[in-house]
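Have a look at the structure below before the remarks.
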Amino acid sequence: MREDKTTTDTELALLYSAVKNAFREAHLTTPDLDARLLVTETLGVSTAQLIANPRRVIPGHLAHEVEQRARARLAGQSIGRILGRRAFWSLDLRISPDTLEPRPETETVVELALSVIGPDDAALVADLGVGTGAILLAILSERLNAFGVGVDVSMAALSQAARNAERHNLDSRTVYVAGNFGEALAPVFDVVVSNPPYIATDRIPQLEATVRNYDPHVALDGGEDGLNCYRVVFRQARSMLKKGGRLIVEIDPAAEQAVVAEAQQHGLIDVVTANDLTGRPRALSLQLSDDNMQTGYKSS
């Protein structure tokens, strides 16, 4: 891509081809899709218009904006970060530097939650580390009688989740609370969901640039073994879940057995595992034992 700050008017097809070719030469995973999304979203044109009107003249200032965004993509920023929005489930979510960018594999958590909440249930759901609100809002969009509480340590993330709820007309069924996972909650929840930070600290530098350089590290870093946040959530389970309630967490597929073992140490049983679209274990549904619900669990 050109580095000059002044861009002349150009035809739509020429601009699109330049972006697409640059992305192909950089060996991006999905160069054509990325180019199409970047061009259409930046210019406010549809894919049909991109095909049907290739000789449409794009003013220089808009062409320059496309080129600037293309350079950001080549530098490792994701299309979602560049555009400030990301599709998740059936929702169009706004994202910010303060929130994790929702990813398709996290929809596995939503699927598990929906499997235990009946279509007409007036369930109370908590989302720990709510971020953009992706998981919570996806559940509420499918379960019209459910009510949700989003928890996060970041006030900026809570504000972003609240804005996303308002955009999707779900604000009347959500409230947001600042806190360390479930510390401020009471044992009244039918379902508690969480995509906690689970990357071991020394693995973060090895992550792809779109994650390593742009997702907030507080939403990634799970401590030395990647299990620190699970320990907190599992320890809090008895103070969040009502009798028969389920705790559903996203996991690193490679850490399934370690997470299950940690859960069992905290009295969480009846493990149900759900695979993502690649066939790898991506989410766990857990339940406190009756004894644990009655007496509380004493961790060692």
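The values are calculated or read from the model by the stated rules, or taken from the named source; none is laboratory data. Everything quoted here is computed from the prediction, not taken from an experiment. All Cβ positions, glycine included, derive from the backbone under ideal geometry; neighbour counts span all protein chains shown.
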Original post:
Considering segment 152-161 alone, what residues qualify as being in contact with a helix residue (DSSP H, G or I) (Cβ under 9 Å, 6 or more places away or on another chain), of a type in the set (A, V, I, L, M) and either within 17 Å of residue 233 (Cα to Cα) or surrounded by fewer than 16 Cβ atoms within 10 Å (Cβ to Cβ) (or both)?
Top reply: 153
Subject >> Lone unmet requirement of (1) at pLDDT 95 or above; (2) more than 17 Å from residue 13 (Cα to Cα); (3) of a type outside the set (Phe, Trp, Tyr); (4) outside the structural domain of residue 280 (by TED's automatic domain parsing) for residue 87 >> reply: (1)
**OP:** Name every residue in segment 152-176 that is of a type in the set (A, V, I, L, M, F, W, C), more than 24 Å from residue 116 (Cα to Cα) and outside any helix (DSSP H, G or I), in order of residue number.
**Re:** 153
**OP:** Specify which of the listed residues (69, 86) is within 14 Å of the chain's Cα centre (by Cα), under 30 Å from residue 154 (Cα atoms) and surrounded by 15 or more Cβ atoms within 10 Å (Cβ to Cβ).
**Re:** 86
Original post:
Can you pull out the residues in segment 117-151 that are assigned to a helix (DSSP H, G or I) and surrounded by 20 or more Cβ atoms within 10 Å (Cβ to Cβ)?
Top reply: 134, 135, 136, 137, 138, 139, 140
Original post:
Which residue pairs have Cβ atoms under 9 Å apart, sit 6 or more places apart or on different chains, and have a first residue in segment 7-18 that is farther than 15 Å from residue 53 by Cβ and a second that is surrounded by fewer than 19 Cβ atoms within 10 Å (Cβ to Cβ) and of a type in the set (Lys, Arg)?
Top reply: 18/2
Original post:
If you go through segment 243-269 one residue at a time, how many are surrounded by fewer than 15 Cβ atoms within 10 Å (Cβ to Cβ) and more than 18 Å from residue 231 (Cα to Cα)?
Top reply: 2
**OP:** Could you check, for segment 98-106, whether at least one of its residues is buried (at least 18 other Cβ atoms within 10 Å of the Cβ) and closer than 16 Å to residue 248 by Cα?
**Re:** yes
